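Notes to accompany the following structure.
Nothing in this text is a laboratory measurement; each read-out follows from the coordinates by a stated rule. If you're wondering where the values come from, they're calculated on a predicted model, not measured in any experiment. Cβ atoms come from the backbone with ideal geometry, glycine included; neighbour counts cover every protein chain shown.
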Amino acid sequence: MSDMTGMQTNETMLSDLERRLLNDFQHDFPLSSTPYADIARELGVSETEVLTALTRLKQQGAVSRVGAVLRPNTAGVSTLAAMAVPNAELETVAALVSAYPEVNHNYEREHSLNLWFVVTAPDSARLQQVLEDIASKSGYEVLPFPLLEDYHIDLGFDLKWT
């Protein structure tokens, strides 16, 4: 599987601040009105340095987003969705899918259904509208796979550098 939303980042090009941001705040992100200032204080740098480093990491593709991960269907509705897209059009359709703010990530799978993504929306009507819009604009059917049973998966990774 490959992530279609970002690119590989050479770890040797990362500053110590960038490494700390990537590793130390995957869990226990400050829940305050000034989280970036809180992070800056903890790391001994300015809030501007934290925001600049996060912007650079996003531009490099090392970070796709900074935000909470909520249990599915806790706030709004969501579904896993898949499409069968010819390989020659995969990058174009993946970019179209990723352009929707309701899509938080997409990825390629080696299968006839080769483009998978998660769509979240405030309600079922908007969710259906996004799925139909993607199908209409791409010209390919979108198959929804709604959650039947939820599992907790820790998405944090302890990043080790040598």
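Please give the length that would be gained between LEU143 and GLU110 if that part of the chain were fully extended, namely 0.36 nm times their separation in residues minus their C-alpha to C-alpha distance (nm, one decimal).
Numbers: separation 33, 0.36 × 33 = 11.88 nm, distance 1.65 nm.
Additional length available on full extension: 10.2 nm.
Using per-residue counts of other Cβ atoms within 10 Å, averaged over each peptide, order 79-86, 129-136, 26-33 from highest down.
Descending packing order for the listed peptides: 79-86, 129-136, 26-33.
Relative contact order for segment 74-120 using alpha-carbon pairs under 8 Å, separation at least 6, rounded to a whole percent?
Once divided by the residue count of segment 74-120, the mean separation gives 49 percent.
Output wanted: per-residue J couplings in Hz (rounded whole) for segment 47-52, from phi through Karplus 6.51 cos²θ - 1.76 cosθ + 1.60, θ = phi - 60°, x for Gly and Pro.
4, 4, 5, 5, 5, 5
Please list, ordered by chain and number, the residues whose modelled amide H lies under 5 Å from the amide H of ASN104; skip anything fewer than 5 residues away on the same chain.
HN-HN under 5 Å from ASN104: VAL118, THR120.
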